[in-house]
Amino acid sequence: MHTPKPIIIGHRGAAGEAPENTLASFALALEQGAQAIELDIHITKDGEIVVCHDETLDRTTNGSGLICNQQWADIQRLDAGAWFSEKFKGERIPLLSEVFDLVPEGTLVNVEVKHAYEGRMEKALLAFLQEANRYEDVVVSSFDHKVIQRLKRAEPELKVGLLYAANLIDHAAYAKLLEVEVYSLHPHHHSFDRADMALATADGLAVYPYTVNELSDYQRMIEAGVTGIITDFPGRLKAYLNT
Ligand code: G3P
Ligand code: MG
């Protein structure tokens, strides 16, 4: 049987080769052949959705403190590239809308919700997505499965995915527990067996394991029949898939 190649999902863009979650990182991922990108979101004090992995600014910018305690006007001024390399000095934390402007329609954007912020994130994200009207191109995932359930209930058009690291007894059956339609499973790449993924794909679920960077792990994922691979090195995965 012919199994289609998994899609290449650039983790935080091309986080292995550019400062994660910046426009430079997303542009590089697309340039290297990623058909999708993954990014992480938080919300500022004044309600802007920004793209950053950590809830604080310390690791990836020249600022510090919690994102949710600061105004967008201040966060906007920070450097988010120099920590990675001098070459990327001047990169900023992008708004989610700026990433959507960069990514062409038809390229999947996997938006990972890091925190619920007492419901503020869901409200802001749903308003943003309604305005953007690109439901075809978006899948929202989170380790917080209650957030995912609420988002899907509030917006049935939205595609939602479950992010998790535990090796569940029955991955596909777990997805059914949510009692809303789940589009994709995003398991840690070490925490599932081939049989689990066969059951999931038979149920029509997409399977996007994270974060896979080694050639031997690419091979293991391909053999498991996953639908997409989340990687820090989209170019490396592209070259591997083409061999
Ligand atoms: O969405 C997959 C992956 O990004 C989840 O973990 O910590 O890299 O956001 P993390
Ligand atoms: Mg993430």
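The values are calculated or read from the model by the stated rules, or taken from the named source; none is laboratory data. As the structure is a computational prediction, the values presented were derived from the model and not from experiment. Glycine also receives a Cβ, built like all others from the backbone with ideal geometry; neighbour counts cover every protein chain displayed. When the accessible area is computed, the model is the full protein with side chains, heavy atoms only, and any ligands, DNA or RNA have been set aside. Shrake-Rupley method; radii C 1.70, N 1.55, O 1.52, S 1.80 Å.
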message = Just to be sure I understand the model, the point goes 7 Å from the Cα along the line to the Cβ. What's the resulting residue 168 to residue 220 distance in nm?
response = 2.0 nm
query = In terms of Cα to Cα distance under 23 Å, which lysines are near enough to residue 159, apart from those fewer than 8 places away along the same chain?
reply = 5, 114, 123, 146, 176
ask   = Between the DSSP loop rule and a limit of at most 16 other Cβ atoms within 10 Å, which GluC sites (Glu not before Pro) in the stretch 66-109 are left?
value = 105
inquiry  = Quick check: at a probe of 1.4 Å, how many percent of the accessible area of the chain sits on carbon and sulfur atoms?
reply    = 51 percent
message = Considering only C-alpha atoms, what is the centroid distance from the stretch 51-76 to the stretch 160-176, in Å?
response = 31 Å
task = Have a look at 65, 81, 161 and tell me which one the Gaussian network model of the chain (Cα, springs below 10 Å) gives the largest fluctuation.
result = 65
task = Could you tell me which GluC sites (Glu not before Pro) in the stretch 139-243 are loop residues by DSSP with no more than 11 other beta carbons within 10 angstrom of their beta carbon?
result = 157, 179
key: MRE, 222 nm, helices only [DSSP H, n ≥ 4, -39500 (n - 2.57), over the chain, to nearest 500]   = -9000 deg cm²/dmol
ask   = With each pseudo-label sitting 7 Å past Cα toward Cβ, what's the residue 191-residue 176 distance in nm, one decimal?
value = 2.2 nm
message = Normalised radius of gyration for the stretch 117-162, please: alpha carbon Rg relative to 2.2 N^0.38 Å, two decimal places.
response = 1.03
note = With the 8 Å Cα cutoff and a minimum separation of six or more residues, the stretch 58-156 has a relative contact order in percent of 20 percent
task = Just need the relative contact order of the chain here, percent rounded to a whole number, with Cα pairs under 8 Å and 6+ apart.
result = 21 percent
request  = Using DSSP to define loop residues, name the trypsin sites (Lys or Arg not before Pro) in the stretch 38-92 whose beta-carbon has at most 15 other beta-carbon atoms within 10 Å.
outcome  = 45, 59, 77, 89
